[in-house]
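Shown next, in structure tokens, is the structure this report addresses.
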Amino acid sequence: MCGIVGYISKERNPNSLRLGLEALKRLEYRGYDSAGFAFWDAEKKEIVCQKSVGKIAKLEEKVNGNGNKPVLANPIILHTRWATTGEVTEINAHPHSDCAGKIWLAHNGIIENFHVLKQKLEEEGHKLSSDTDTEVIAHMIEKFFSGNLEDAVRKALPYLKGTYGLVVISKDDPEKLVAAKLGSPLLVGLGENEYLVASDPAAVIAHTKKVIYLDDGEMVSISPNSFSITKGYNVQQKKPENIEWDMEDAQKGGHPHFMLKEILDQPESINNSIRGRVLAEEGKARLGGIRYIEDKLREVEKIKIVACGTAYYAGLIGKYMLEEYGGVPVEVDLASEFRYRKPILDKKTMVIAVSQSGETADTLGAIKEAKEKGAMILGIVNAVGSAIARESGVGIYNHAGPEIGVASTKAFTSQVTILALLSLYLGRQRGLSLVMGQRIAKEILSLPGLVRETLNLNDRVRELAGKYKDYDNFLYLGRKYNLPVALEGALKLKEISYIHAEGYGAGEMKHGPIALIDENFPSIVICPSDSVYDKVVSCIEQIRCRKGKVVVIATEGNENIKKIADDVIYIPKTLEMLTPIVSVVPLQLFAYHMAALRGCEIDKPRNLAKSVTVE
Ligand code: F6R
């Protein structure tokens, strides 16, 4: 996701640009598609800006291409962009400037009312050149500027609806770096010879461990020798805190493993996946990546989803959603099988490839095959610009942020969320009622909060893992929307804790797996209060008769279930189609704590790779 750095040196320092770029590079782990910087050249008395699509190394090449002459760059603002509004181009990369090129700004977050602001600014004569929401902020600051940058930023901010972490510099108030925060993280690093502003502690840790975290609504104005934090016009006195982590820990946000960080990140990653895509009043989804094929989508007669592993399980949930609400018949295939089973495809078939990395060889192979047979391809991909994103042509990015832990967690909930949005989109094209559309839209918007609530179960799940950590076999059961969740829960457990776990449809129990059950073979049953609740309860009773231990994932308020379960984990209620996004969370935490208690290497389990680029 986007990263911000601001750098201001207390002394004349010809190395400041290099230091700023190094700080920016420490945010590379978050993923990005373009980068840029702007600085005040104290000798030439001008602001210099450079941007490029791709890696920071490309920006450095540009700097070196200028003969690598030392410049007195002070202050500097730098940014890595993960595109959300506007395509991945140099023009859309940050920093952005006002009409006169005097005010330069980098921004994380999203300005929800940017269309309205842009129109007004254009009516007033401002010339905007990018497709981004960010650019309007630079022009709003220009509008209020009368010599003092801090004042202009303070006056512009109340007009912005949405979230921001931003850093600004100006040619007409050149020795100042102003930063402000609302909803996106921002901190000030207090170095010996410099100040830094960053969206992530990882950027400042090599310079200083003394930081001040800004709170929402706060602004900081930094000059080479002093800084002041304000909220409105009130000065805030804040004590610096010490970062206790080292560099790797900083990237993990202070958590012991990336996997835990990514599980806990899910309210934010889901929020990023749905931001700007839900039209609550109209009961519709707005999916920019597929707007060009809107008419073609109306003609789609069947959908085939291809994916591997966790992404395949997300696809299985997608089938239930797309058939029930999208009104299209769906088949889901393991990508590794798809191309070898001679699938029947035509122009009215849409093949959806779901992939976090966008580099999985089997999924890539499957869509190449489908393309050759004339099918329409749509990618649901997290990694921007990856092979599957490029091969798909049209697609929907997850915007879940980079996933580093090998076991996929936040990508899964994001994939299911995108499939829910797609079901809403197609459903509303095909007669899904306004009322139902509004209900789904509203519930999708409440997902980040529901997942946040579910994450409060962390301690309870850790306790449960302590109780079950010595068992060597587990059965995971679920039905309808939660059958794929059972498969995913079992996969999580086996891949990071090396415990044998099988996922099954609860209705299939009696057709075989019940033979495994005894007091040493516990079952984890996903049994929310939904349309198949009674059926799943019968399955739990069959296990109980055979002395099997049962852990049940149930809906809050269901006290009865305690009578037939050894342990219950309660999850909040949501629409049946969205339950998997909530019910999978305790299973992710369970796998994590089981692996941690058994001393397994969680982020890089044996024999596994994050991107499976071989067949
Ligand atoms: C499991 C896991 C894998 C991936 C699979 C597909 O935790 O991470 O099963 O889901 O290899 O990867 P992507 O989504 O990158 O295509």
inquiry  = Tell me whether region 529-537 contains one or more residues that are in a loop (DSSP other than H, G, I, E, B), touching a Phe, Trp or Tyr at 6+ places or on another chain (Cβ under 8 Å), more than 16 Å from the ligand (Cβ to nearest atom) and modelled with pLDDT of 95 or more.
reply    = yes
query = Does Pro240 fit the bill of being open to solvent by 50 Å² or more (accessible area, probe 1.4 Å) and without any contact (Cβ under 8 Å) to a residue 60 or more places away in the chain?
reply = yes
inquiry  = Out of everything in region 393-409 that is open to solvent by 10 Å² or more (accessible area, probe 1.4 Å) and more than 11 Å from the ligand (Cβ to nearest atom), what residue ends up being nearest to the chain's Cα centre (by Cα)?
reply    = His399
task = Give region 376-388 a look and list any residue that's closer than 9 Å to Gly358 by Cα and open to solvent by less than 20 Å² (accessible area, probe 1.4 Å), or say none.
result = Gly379, Ile380, Val381, Asn382, Ser386, Ala387, Ile388
request  = With the condition kept exactly as written, say whether any residue in region 332-355 is more than 11 Å from the ligand (Cβ to nearest atom), in a loop (DSSP other than H, G, I, E, B), assigned by TED's automatic domain parsing to the domain that holds Asp265 and open to solvent by less than 30 Å² (accessible area, probe 1.4 Å).
outcome  = yes
task = Go through region 6-29 and give me each residue that's part of a helix (DSSP H, G or I) and either open to solvent by less than 50 Å² (accessible area, probe 1.4 Å) or over 24 Å from Val384 (Cβ atoms) (or both).
result = Ser16, Leu17, Arg18, Leu19, Gly20, Leu21, Ala23, Leu24, Tyr29
Test set (1) farther than 25 Å from Asp265 by Cβ; (2) within 14 Å of the ligand (Cβ to nearest atom); (3) open to solvent by 50 Å² or more (accessible area, probe 1.4 Å) - Leu434 fails condition number = (2)
ask   = Considering region 376-388 alone, what residues qualify as being within 19 Å of Gly318 (Cα to Cα) and more than 11 Å from the ligand (Cβ to nearest atom)?
value = Met376, Ile377, Leu378
query = How about region 586-610: which of its residues are among the polar types (S, T, N, Q) and either open to solvent by 70 Å² or more (accessible area, probe 1.4 Å) or out of contact with any helix residue (DSSP H, G or I) (no Cβ under 9 Å at 6 or more places or on another chain) (or both)?
reply = Asn607
task = Have a look at Thr230, Thr208 and point out the one that is among the hydroxyl-bearing types (Ser, Thr, Tyr) and part of a loop (DSSP other than H, G, I, E, B).
result = Thr208
ask   = So Ser273 fits all but one of (1) more than 20 Å from Leu447 (Cβ to Cβ); (2) surrounded by 24 or more Cβ atoms within 10 Å (Cβ to Cβ); (3) more than 14 Å from the ligand (Cβ to nearest atom); what number is the exception?
value = (1)
inquiry  = Against the definition (open to solvent by 30 Å² or more (accessible area, probe 1.4 Å), touching a residue at least 24 places away in the same chain (Cβ under 8 Å) and either touching a Gly at 6+ places or on another chain (Cβ under 9 Å) or over 30 Å from Asn108 (Cβ atoms) (or both)), how does Glu369 come out, yes or no?
reply    = yes
query = How many residues are open to solvent by 10 Å² or more (accessible area, probe 1.4 Å), of a type in the set (Asp, Glu) and not in a loop (DSSP other than H, G, I, E, B) if we restrict to region 482-526?
reply = 3
remark   = Conditions (1) assigned to a loop (DSSP other than H, G, I, E, B); (2) open to solvent by 20 Å² or more (accessible area, probe 1.4 Å); (3) not hydrophobic (A, V, I, L, M, F, W, C) -> Gln542 fails only (1)
ask   = Based on what the data block shows, is Gly318 within 16 Å of the ligand (Cβ to nearest atom), crowded, with 18+ Cβ neighbours inside 10 Å, closer than 27 Å to Leu597 by Cα and over 17 Å from the mean Cα position of the chain (by Cα)?
value = no
Test set (1) more than 16 Å from the ligand (Cβ to nearest atom); (2) part of a helix (DSSP H, G or I); (3) touching an Asp or Glu at 6+ places or on another chain (Cβ under 7 Å) - Tyr313 fails condition number = (1)
query = Which residues, counting only those in region 572-587, are assigned to a loop (DSSP other than H, G, I, E, B) and either modelled with pLDDT under 95 or among the hydrophobic types (A, V, I, L, M, F, W, C) (or both)?
reply = Leu575
request  = For region 246-260, enumerate the residues that are surrounded by fewer than 20 Cβ atoms within 10 Å (Cβ to Cβ) and within 30 Å of Thr417 (Cβ to Cβ).
outcome  = Glu248, Asp249, Gly253, Gly254, His255, Pro256
request  = Looking only at region 161-184, count how many residues are part of a loop (DSSP other than H, G, I, E, B) and buried (at least 23 other Cβ atoms within 10 Å of the Cβ).
outcome  = 0
note = Out of (1) open to solvent by 30 Å² or more (accessible area, probe 1.4 Å); (2) more than 14 Å from the ligand (Cβ to nearest atom), the one Glu359 does not meet is (2)
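The values are calculated or read from the model by the stated rules, or taken from the named source; none is laboratory data. All of these numbers come straight from a predicted model, not from anything done at the bench. Glycine gets a Cβ as well: all are built from the backbone with ideal geometry, and neighbour counts include every protein chain shown. Quick note on the areas: whole protein, heavy atoms, side chains included, nothing else; ligands and nucleic acids left out. Shrake-Rupley method; radii C 1.70, N 1.55, O 1.52, S 1.80 Å.
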